[in-house]
Protein chains: 2
Amino acid sequence: MRKKSVHPFQSTDNDVKKEVNTENLMTNLSNSYASDLLPSKDDKDLTKCFLLQVVNILLHYIEKTFDVKSKILDFHHPHQLLEGLDGFNLQLSDHAESLEQLLVDCTDTLKYGVKTGHPRYFNQLSSGLDVIGLAGEWLTATANTNMFTYEIAPVFTVMETILLKKMCEIIGWGETEADGIFSPGGSISNLYGILVARYKQYPEIRTKGMRALPCIVLFVSEQGHYSVKKAAAILGIGTDNVIEVKCDERGKMIPAELEKNVLQAKRKAAWGGGLLLSRDHSYKLSGIERANSVTWNPHKLMGVPLQCSAILIREKGLLGACNQMGAGYLFQPDKLYNVDFDTGDKAIQCGRHVDIFKLWLMWKARGTYGFEAQINRYMELAKYFYKVLKKKDNFKLVFDAEPEFTNVCFWYFPPRLKHIPKGFERDQELQKIAPKIKAQMIEEGTAMISYQPCGDKVNFFRMVFSNPATRQRDVDYLIDEIQRLGKDL
Amino acid sequence: MRKKSVHPFQSTDNDVKKEVNTENLMTNLSNSYASDLLPSKDDKDLTKCFLLQVVNILLHYIEKTFDVKSKILDFHHPHQLLEGLDGFNLQLSDHAESLEQLLVDCTDTLKYGVKTGHPRYFNQLSSGLDVIGLAGEWLTATANTNMFTYEIAPVFTVMETILLKKMCEIIGWGETEADGIFSPGGSISNLYGILVARYKQYPEIRTKGMRALPCIVLFVSEQGHYSVKKAAAILGIGTDNVIEVKCDERGKMIPAELEKNVLQAKRKAAWGGGLLLSRDHSYKLSGIERANSVTWNPHKLMGVPLQCSAILIREKGLLGACNQMGAGYLFQPDKLYNVDFDTGDKAIQCGRHVDIFKLWLMWKARGTYGFEAQINRYMELAKYFYKVLKKKDNFKLVFDAEPEFTNVCFWYFPPRLKHIPKGFERDQELQKIAPKIKAQMIEEGTAMISYQPCGDKVNFFRMVFSNPATRQRDVDYLIDEIQRLGKDL
């Protein structure tokens, strides 16, 4: 591998110092406006100074994010933010505000936000703050381009080609046949999957619409993501035509249930896609190579900053055939390069955000094995969490078996509930426990974890390990914290 | 307004200096990996050092972007990038690469990309690099959260509420009745518009699908955006049921043509939305307040970094009713705050990228009047460009009248074509001129402008003013450059 010298760190300082008269500039920020920056005025120093101030605020925030002693959030109600808090005024004016005021606004925006990278933030599948992914996003924002043509995004479209191919290989599809595209999230990826499947079966759908088709039915696991129903509503299939297939206790679709004359059943693995990168655990998705389309969200288990989602389509050419409209003003055929790299017409969007670079850079930074190590660590943490909970008699697992994935669902029983026998009355009380504990956690900013009811099961906590900052001590802390906040409820 | 003191710039340097032993760290970057950064290891200094190095690369790129003497791009073919260029290897490995190598990759990614903020980049509606918007994106990436609930994005969801309200007011809708959501681009916003209109007319569509409905027809301007057809294909309406309404020479829909028994005609103003902010020019969109939905892309005329698009729906409640699926695991009703601010279930997505902060920060930075001034300046440039072209007898305007908007379409005629009489033979030749000039521009990296054919009109150049870095001198340059590259064709 070639070595190029990068500018040494000292020279960053020196370069800036040399060019920037810092004292004057700081006075200037309070008297300067956006219109004084590049490109309106040719003031390079002021522009650099402003951006470095922003970075300074961000670096400070990053440090706080990973500091387990800092609060995850400083909770306020919507009306408080709307009305303005301690001078943080969110209303917009006809007139410009100074660069200094903007820096204060940036600080306040972070101050009243939620540190989703905090070691004790377990609230969502997308959590953690990956420094390399972050660097990728900063660069992407600076490059500020659009994925629709190779012409304006040469490096990024080639990176997408490389990554789609890699992901298809990992799934187990032959490398020449497959296709795919990065989309704004898993729901849209699932929509793509159903859209393409419908087109494959009934290509006339594009021109004639649903009224020309026989009745289409979608089969989905009863534990499937709600985006399948959303897609059915959007695509004109109708949610009545989504048939939910019964699942076992673990939430897996029961094959026998599915064998009731399925026209087309599509299974996705949106947040589990990362599991394929673990040689120890990938067997859990065995058979995925037989699927015709797969949604894979690197912004979940792989920790890529939001948004980063791909829909992978096994049959090459289908995606283009399904979606292309050939807008002449964007996709000229008479270009100087191979226009197969103009992927824009495969998308349901026109402009498309560059979500690829951060994933590419993270892959470079970790290698496939780095992702594997991280995912294995989550699995270890889930197993640890399960074992600790199992020993505690005031906690109860929703499904009492060693976790197959990084999520663990459980109830907490305050002492007074332990005397109420299992049944409707106890459920009525138990239903209120998780929301109350969560509300206190949010008010104190100590941890964040999600809860939900499911079928006949009342509100339970849903722990997910997908945050790289989380350690065993944070898991222990969460258990203690739930007991502290819940014991007198 | 409160004044808080921001950390002075000097202290940015000093803070870093104090904490960071710079010499050792630079040596370290070549021996360090992502796994040495926060949160894996508690090495704050190395993390800061790495991120500051990335920022250094970005600041250098920003300066080059605005330097009119720098090349817009250094063109290479897709296969060259795939094979690797001067050590820039895009292929991914199983093993991690050093932080130093990642910095080199960042530099190379920018080196082989396109400077979309360059003063002579006219290639797309989304162009320019707004420093405030960029700062907003950097902060958004660092906050790395999701728009689906107030819980995890309190500040951003309130900002969205404020901006949607403001945009609805500007359109002329009463402030209590309207609704809307930011979406991943104008095509998706248009899809929302049609989706909600269909639901409004036939609420049973959600459950029963298109087969339960009478035949639905969409009317669209024959010059309308291709996303309407894409939406028709996706929604199960079918492109055969999209009726294109004839337009006049300028490309405006002819009302008499439309008056042929229209069931529901929806007109959007996706890239023109910004025009509403100009008191001089907003009359051109008069009547927009009678529309039931409006797509407004701040990432176009208003210069907000990609992606930033809103769909505004006049009737409050429709968007939610149309799209909600009430996923219990995300949208718990039993929360400690007003859950009306959990906007996630209005969206067709599940996770949703934060596109609001950069717009909010830019609005703070400029005020409404700042956007107005910028848009007026584009209009002036378009008028100037038109006048210059009109005087040159080797250029011909596609529509010969003063521009009503910031786009100007024209042909360039090399001297040899001037002797061929108007007709098929000349058109055959003229068709090839724009692609050839464009290809040379790209190879030399001197300017970028789009071209397209339209109906019976062969390839013409399509100049759009939406780049804040563009000055009159750049317009003059473009004309000279087209002549230089085209005169011998």
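The values are calculated or read from the model by the stated rules, or taken from the named source; none is laboratory data. Keep in mind the model is a prediction, meaning the values are calculated, not measured. Quick reminder, even Gly has a Cβ in these numbers, built from the backbone with ideal geometry, and neighbours come from all protein chains shown. When the accessible area is computed, the model is the full protein with side chains, heavy atoms only, and any ligands, DNA or RNA have been set aside. Shrake-Rupley method; radii C 1.70, N 1.55, O 1.52, S 1.80 Å.
Some values worked out for this structure:
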| quantity | calculated |
| --- | --- |
| First in segment B:352-380 and at positive phi and outside the structural domain of B:Leu163 (by TED's automatic domain parsing), second anywhere and open to solvent by 10 Å² or more (accessible area, probe 1.4 Å) and of a type in the set (Asp, Glu), Cβ under 8 Å, 6 or more apart | B:Gly367/A:Asp94; B:Gly367/A:Glu97 |
| Sole exception among (1) buried (at least 20 other Cβ atoms within 10 Å of the Cβ); (2) more than 30 Å from A:Leu213 (Cα to Cα); (3) in contact with a helix residue (DSSP H, G or I) (Cβ under 6 Å, 6 or more places away or on another chain) for A:Gly172, by number | (1) |
| Failed item in (1) assigned to a helix (DSSP H, G or I); (2) farther than 26 Å from B:Gln223 by Cα; (3) out of contact with any Phe, Trp or Tyr (no Cβ under 6 Å at 6 or more places or on another chain), with B:Leu489 passing the rest | (1) |
| Restricting segment B:180-210 to residues that are surrounded by fewer than 24 Cβ atoms within 10 Å (Cβ to Cβ) and not in a helix (DSSP H, G or I), the residue that is nearest to the other protein chains (Cβ to nearest Cβ) | B:Glu204 |
| Qualifying residues in segment A:64-78 (those that are part of a helix (DSSP H, G or I) and either more than 7 Å from every other protein chain (Cβ to nearest Cβ) or in contact with an Asp or Glu (Cβ under 6 Å, 6 or more places away or on another chain) (or both)) - the one surrounded by the fewest Cβ atoms within 10 Å (Cβ to Cβ) | A:Lys64 |
| Residue that is least open to solvent (accessible area, probe 1.4 Å), among those in segment A:290-328 that are more than 14 Å from chain B (Cβ to nearest Cβ) and assigned to a loop (DSSP other than H, G, I, E, B) | A:Ala291 |
| Which numbered condition B:Gln91 fails, given (1) at pLDDT 95 or above; (2) surrounded by fewer than 17 Cβ atoms within 10 Å (Cβ to Cβ); (3) over 30 Å from B:Glu481 (Cβ atoms) | (1) |
| Members of segment A:65-106 that are closer than 22 Å to B:Val131 by Cβ and among the β-branched types (Val, Ile, Thr) | A:Val104 |
| Residue within segment B:211-223 that is part of a helix (DSSP H, G or I) and surrounded by 20 or more Cβ atoms within 10 Å (Cβ to Cβ) present | no |
| Single match in B:Phe410, B:Phe395, B:Phe385, B:Phe371 (criterion: within 30 Å of A:Leu102 (Cβ to Cβ) and at pLDDT 90 or above) | B:Phe371 |
| Breaking point among (1) in the same structural domain as A:Lys71 (by TED's automatic domain parsing); (2) within 16 Å of the chain's Cα centre (by Cα), for A:Ile132 | (1) |
| Residue list for segment B:211-228, restricted to those being under 14 Å from A:Tyr329 (Cβ atoms) and either among the β-branched types (Val, Ile, Thr) or within 7 Å of chain A (Cβ to nearest Cβ) (or both) | B:Tyr226, B:Ser227 |
| Index of the failed condition, A:Val228 passing every other in (1) closer than 27 Å to B:Lys208 by Cβ; (2) modelled with pLDDT of 85 or more; (3) open to solvent by less than 10 Å² (accessible area, probe 1.4 Å) | (3) |
| Residues located in segment B:367-397, provided they are open to solvent by 30 Å² or more (accessible area, probe 1.4 Å), out of contact with any His (no Cβ under 9 Å at 6 or more places or on another chain) and within 14 Å of chain A (Cβ to nearest Cβ) | B:Ala373, B:Arg377 |
| Pair list, Cβ < 6 Å and 6+ apart or interchain, from segment A:234-245 residues that are farther than 11 Å from B:Gly236 by Cα and charged (D, E, K, R) to residues that are open to solvent by 10 Å² or more (accessible area, probe 1.4 Å) and part of a loop (DSSP other than H, G, I, E, B) | A:Glu244/A:Glu222 |
| Subset of segment B:159-176 that is hydrophobic (A, V, I, L, M, F, W, C) and within 7 Å of another protein chain (Cβ to nearest Cβ) - its residue that is nearest to A:Asn56 (Cα to Cα) | B:Met159 |
| Qualifying position, being closer than 30 Å to A:Val354 by Cβ, of a type in the set (Gly, Ala, Ser) and in the same structural domain as B:Ile234 (by TED's automatic domain parsing), among B:Gly287, B:Gly274, B:Gly328 | B:Gly274 |
| So A:Tyr61, is it surrounded by 15 or more Cβ atoms within 10 Å (Cβ to Cβ), among the aromatic types (Phe, Trp, Tyr) and modelled with pLDDT under 95 | no |
| Residues of segment A:450-468 satisfying the condition of being open to solvent by less than 10 Å² (accessible area, probe 1.4 Å) and either under 26 Å from A:Gly370 (Cα atoms) or assigned by TED's automatic domain parsing to the domain that holds A:His76 (or both) | A:Met463, A:Val464, A:Phe465, A:Ser466, A:Asn467 |
| Pairs where the first residue, in segment A:64-85, is in the same structural domain as A:Asp105 (by TED's automatic domain parsing) and acidic (Asp, Glu) and the second is open to solvent by less than 30 Å² (accessible area, probe 1.4 Å) and at pLDDT 95 or above, C-beta under 7 Å, 6+ apart | A:Asp74/A:Tyr112 |
| Residue, most open to solvent (accessible area, probe 1.4 Å), within segment A:469-483, restricted to residues that are closer than 16 Å to A:Lys383 by Cα and outside any helix (DSSP H, G or I) | A:Arg471 |
| Number of positions in segment A:111-158 that are outside any loop (DSSP other than H, G, I, E, B) and either under 23 Å from B:Leu59 (Cα atoms) or open to solvent by 10 Å² or more (accessible area, probe 1.4 Å) (or both) | 17 |
| So A:Ala233, is it touching a Ser or Thr at 6+ places or on another chain (Cβ under 9 Å), assigned to a helix (DSSP H, G or I), away from chain B (no Cβ under 12 Å) and aliphatic (A, V, I, L, M) | no |
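For every residue, the table says whether it meets (1) within 8 Å of chain B (Cβ to nearest Cβ); (2) out of contact with any Phe, Trp or Tyr (no Cβ under 9 Å at 6 or more places or on another chain).
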position: A:Tyr33; (1), (2): yes, yes
position: A:Leu37; (1), (2): yes, no
position: A:Leu46; (1), (2): no, yes
position: A:Leu52; (1), (2): yes, no
position: A:Leu58; (1), (2): yes, no
position: A:Tyr61; (1), (2): yes, yes
position: A:Phe88; (1), (2): no, no
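A quick yes/no check of all residues on (1) β-branched (Val, Ile, Thr); (2) over 24 Å from B:Ile205 (Cα atoms); (3) at pLDDT below 70; (4) surrounded by fewer than 17 Cβ atoms within 10 Å (Cβ to Cβ):
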| position | (1), (2), (3), (4) |
| --- | --- |
| A:Gly238 | no, no, no, no |
| A:Ala256 | no, yes, yes, yes |
| A:Lys260 | no, yes, yes, yes |
| A:Lys268 | no, yes, yes, no |
| A:Gly272 | no, yes, yes, no |
| A:Ile288 | yes, yes, no, no |
